[in-house]
Every structure is written in structure tokens, then in C-alpha cells.
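Undergrad: What follows is a structure written as C-alpha cells; I'll ask about it next.
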Amino acid sequence: MEYFALPTLGQVLAVIFTFVFTAAIGIERELRNKDAGIRTHVLVGLGSCLFTLISIYGFTAIPAGASGTVTWDASRIASQIVPGIGFIGAGVIWFHRDAIRGLTTASAIWVAAAIGTACGAQMFPLAGIIVAAYFLLVLVVAPLYYRLTKRAGQIIEITYEERHGVLREVLLEITRHGFEYQVISSRQNRFRDRRDATVSIRVKGGDDTDSLVQWLSDFEGVGEVRLADNAD
């Protein structure tokens, strides 16, 4: 065995393609302010790629024994990537107020692992097709579907002053304009001179979401209202 043998061109290309493909997915998640960004996706992809390379090149066939048979299965290590990556994906999924968040990011991590495995097996065109399909889905197909069906509703993020009953009035205003709402998440923003909170609300129905944003922005005690990304 050559302990310090240099990697082959195919192995180097596997790492390079894995890095580029998974970084592209990670950047897309990062731009959407998701918990798992470029570092997570690249590391998952590189780890999957390395496991696959080890499976293919790291072990040689066991010498034939008395039976004269040779046993070697290059897929045994790589196959463990599938259940193993589930632990990481489960870590970004959370449940709050009857809403499940993080499913798309968990799925993206799973896809990054598959891309790394494909690159490790030097199936670069297939990995590239999967990356292209991912961006076609998240940037074109899903937004178009939601726009045509209005199935997902629209998420609005509202930053307001605490302890003044602002949120209660905001929710009443949403109802008055014919929208149904669901509070998805909330967080506190602490500053030296004030305490604000930001709440994410999914609204459905109604006529014009942009007008609703304008109405809510005029509320006393509301600092900022913006339309957020629908993708989880």
C-alpha cells in the first residue's frame, strides 16, 4: 500500500465538483436566511464524497481464502450516508404553533449528500443535472405554483414595540381586511433604550397583500413590515 500516494485526477475533480455544486445550494439557502447555509451543505457534500471515494479506492478485495472466493462490496460505506445524513436533516426541522419549518432545508442537505456521493462516484453530469433541477424547483416552479394557486399564502414579518398591545391591534387589522392569519414564529429584539419583537405571520385570502403591508406600516408602534420568503 502506498501511504502517501497522490490522489488521481478523477478524485480531485470529484472534490472540486462537490464543492462547487453544494456551495451553490448552500448560498441559495444562506440568501434565504436559513439556519443551514453554505458551510453545512459544503461539509455534508464533501463528507459524502470522501466516504464514497474511500468505499471505491480505500479498500482492496480481501484475498481469496480456502473457498477461493473474493468478498468486496464498494457500496457498503457509501450506503451508510443515507441513514446517517438523516440526523443532520432532522436537526433543522422544528415545529411551532401547528407549523412545520425547515423541511426544505433538510431536503436540501439530503440532496447535497446525494450530490457528494454522485461526485465521489465520478458521475459529474448526473450531479450537475440534479443541481440544475434543484434551482429550477426552488426558483421557478415552486414560486410560480404558489403564485397561481395562492396555496401557501404570504408570510409577513412585523417588528413592533412590546407592551403596548400593538400585536393585538395588528392581528385585528389583518382580520378586518379579510385575511386569515397564522402566527409562525416570534423573537425578541433587545436594545438599550427599547424592547422590540418581530413576529412572522402567514396570511391567506384578502385582496392585496401589498396594501395590507402598507396599512400595517402606518400603525403606531410598528417599526417595520415586510414580505418574507415563503420557502421553509
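Undergrad: When only residues in segment 73-107 that are assigned to a loop (DSSP other than H, G, I, E, B) and over 15 Å from residue 34 (Cα atoms) count, which is modelled with the highest pLDDT?
TA: Step by step, filter segment 73-107, then rank; the result is 80.
Undergrad: Within segment 54-72, can you find the residues that are of a type outside the set (Gly, Ala, Ser) and either modelled with pLDDT under 80 or more than 23 Å from residue 11 (Cα to Cα) (or both)?
TA: Those that are of a type outside the set (Gly, Ala, Ser) and either modelled with pLDDT under 80 or more than 23 Å from residue 11 (Cα to Cα) (or both): 59, 60, 62, 63, 69, 70, 71, 72.
Undergrad: I've got another one for you. Show the residue pairs that are 6+ apart or on different chains and have beta-carbon atoms under 8 Å apart, the first residue being within segment 158-177 and within 13 Å of residue 209 (Cα to Cα) and assigned by TED's automatic domain parsing to the domain that holds residue 205, the second being surrounded by 15 or more Cβ atoms within 10 Å (Cβ to Cβ) and aromatic (Phe, Trp, Tyr).
TA: These pairs meet every condition: 173/215; 173/219; 174/181; 175/181; 177/215.
Undergrad: Let me ask something additional. What do you reckon, is residue 51 modelled with pLDDT of 70 or more and either under 29 Å from residue 186 (Cα atoms) or surrounded by fewer than 19 Cβ atoms within 10 Å (Cβ to Cβ) (or both)?
TA: It is false that residue 51 is modelled with pLDDT of 70 or more and either under 29 Å from residue 186 (Cα atoms) or surrounded by fewer than 19 Cβ atoms within 10 Å (Cβ to Cβ) (or both).
Undergrad: Further, regarding this structure: Within segment 30-43, how many residues are touching a residue at least 60 places away in the same chain (Cβ under 8 Å), over 19 Å from residue 129 (Cα atoms) and of a type outside the set (S, T, N, Q)?
TA: Looking only at that region, the number is 4.
The values are calculated or read from the model by the stated rules, or taken from the named source; none is laboratory data. Computed from a predicted structure; not experimentally measured. Methodologically, a virtual Cβ is constructed for each residue, glycine included, from the backbone with ideal geometry; neighbour enumeration extends over all protein chains shown.
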